[in-house]
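Student: Mind having a look at this structure? Questions to follow.
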Amino acid sequence: MLPGQPLREGGLAMAQQPHSSEIMHGVPATLEAFERLISGEQPYRYELINYDPRTRSGIIIDMTGSSWSHGELTSHFLVDLASQLRRGGPCSVQAGRHVFIPDNQPPVIPDVVVTCDLGDRKPGKKGISPLIVIEVLSPSTEHYDRTEKFERYKRCASLQVFILASQGKQQIEVYRRDTDWKQEIYEAGTIQLEVLDLELDVDMLYQGVL
């Protein structure tokens, strides 16, 4: 993911205004204020990083916007998975929806998420239940994706596969719950996702990206 706009003056006070159209980036906020902020419709993709559970607070960052290669690689994952999931069943691939984390942790927005929970399709459903999560790495947020964000995802009982895809080189990392999140690295060939009988062709995903 790639953060968006710089911090504007007055942002701290605005963290208490969930429907404000003013963009916030680098703004301190409590978990409660952050959840109010994302509760309404808005054009920004906010996450709360550097979260301290003792004070229930962190820093708001805007994830809106991305590089061309980030957007292209993300779209390739979406199209590939959507075409395979059309074979039938309850599963679908989504982008831009929050995943709500148990244990009073801040919600996050995956680049790509596969869900098989029919309840996620209900109007007004708060968040989504991830089975497979894919994050396309950006230099500015790679550390967050690999550490704090990954640890939050692990708290979701539904999550079985976590994938990190580099946009600067042809490399995909796969982490699976049933192997205790052991790292697998793929630079070519086919990735088997047995949890849903899916296949990811690494060369095809990166075609035209690099």
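The values are calculated or read from the model by the stated rules, or taken from the named source; none is laboratory data. All figures in this text were calculated on a predicted structure; none of them were measured in a lab. Heads up, the Cβs are rebuilt from the backbone with ideal geometry, glycines too, and the neighbour counts pull from every protein chain shown.
Student: Can you tell me which residue within the range 107-147, out of those that are in a loop (DSSP other than H, G, I, E, B) and of a type in the set (Ser, Thr, Tyr), is farthest from LEU198 (Cα to Cα)? Break it down into steps so the answer makes sense when it comes.
Tutor: We begin by selecting, within the range 107-147, every residue in a loop (DSSP other than H, G, I, E, B); these are 109-111, 116-117, 122-131, 138-141.
Subsequent filtering for residues that are of a type in the set (Ser, Thr, Tyr) retains 129, 138, 140-141.
Working: SER129: 18, SER138: 25, SER140: 30, THR141: 28 Å.
Ranking the candidates gives SER140 first.
Student: Check off (1) touching a strand residue (DSSP E or B) at 6+ places or on another chain (Cβ under 8 Å); (2) not in a loop (DSSP other than H, G, I, E, B) for TYR44 and give me the number that stays unchecked.
Tutor: It fails just one condition, (2).
Student: I want to confirm something. Restricting to the range 69-106 and keeping residues that are in a strand (DSSP E or B) and not β-branched (Val, Ile, Thr), which single residue is nearest to VAL209 (Cα to Cα)? Give the derivation first.
Tutor: In the first step, residues of the range 69-106 are kept if they are in a strand (DSSP E or B); the result is 92-94, 99-101, 105-106.
Keeping just the survivors that are not β-branched (Val, Ile, Thr) gives 92, 94, 100, 105-106.
On the way: SER92: 24, GLN94: 21, PHE100: 31, GLN105: 34, PRO106: 32 Å.
Among those that are in a strand (DSSP E or B) and not β-branched (Val, Ile, Thr), it is GLN94.
Student: Right, another one. Just to be sure, is ALA188 within 19 Å of the chain's Cα centre (by Cα) and among the hydrophobic types (A, V, I, L, M, F, W, C)? Spell out the reasoning first.
Tutor: Values: within 19 Å of the chain's Cα centre (by Cα): no; among the hydrophobic types (A, V, I, L, M, F, W, C): yes.
No; evaluated as a whole, the condition is false for this residue.
Student: With (1) over 18 Å from the mean Cα position of the chain (by Cα); (2) surrounded by fewer than 16 Cβ atoms within 10 Å (Cβ to Cβ) as the list, and LEU200 as the residue in question, which single condition is left unmet?
Tutor: (2)
Student: Of all residues in the range 157-177, which are modelled with pLDDT of 95 or more, farther than 14 Å from VAL133 by Cα and not in a strand (DSSP E or B)?
Tutor: LYS169, GLN170, GLN171
Student: If a residue has to be closer than 19 Å to VAL113 by Cα, hydrophobic (A, V, I, L, M, F, W, C) and part of a loop (DSSP other than H, G, I, E, B) to count, how many in the range 178-204 make the cut?
Tutor: 3
Student: Please count how many residues of the range 67-84 are touching a strand residue (DSSP E or B) at 6+ places or on another chain (Cβ under 6 Å) and in contact (Cβ under 8 Å) with a residue 60 or more places away in the chain.
Tutor: 6
Student: Please enumerate the residues belonging to the range 47-85 that are among the acidic types (Asp, Glu) and surrounded by fewer than 17 Cβ atoms within 10 Å (Cβ to Cβ). Quick ask: steps written out before the conclusion?
Tutor: Filtering the range 47-85 down to residues among the acidic types (Asp, Glu) leaves 47, 52, 62, 72, 80.
Selection gives ASP52 alone.
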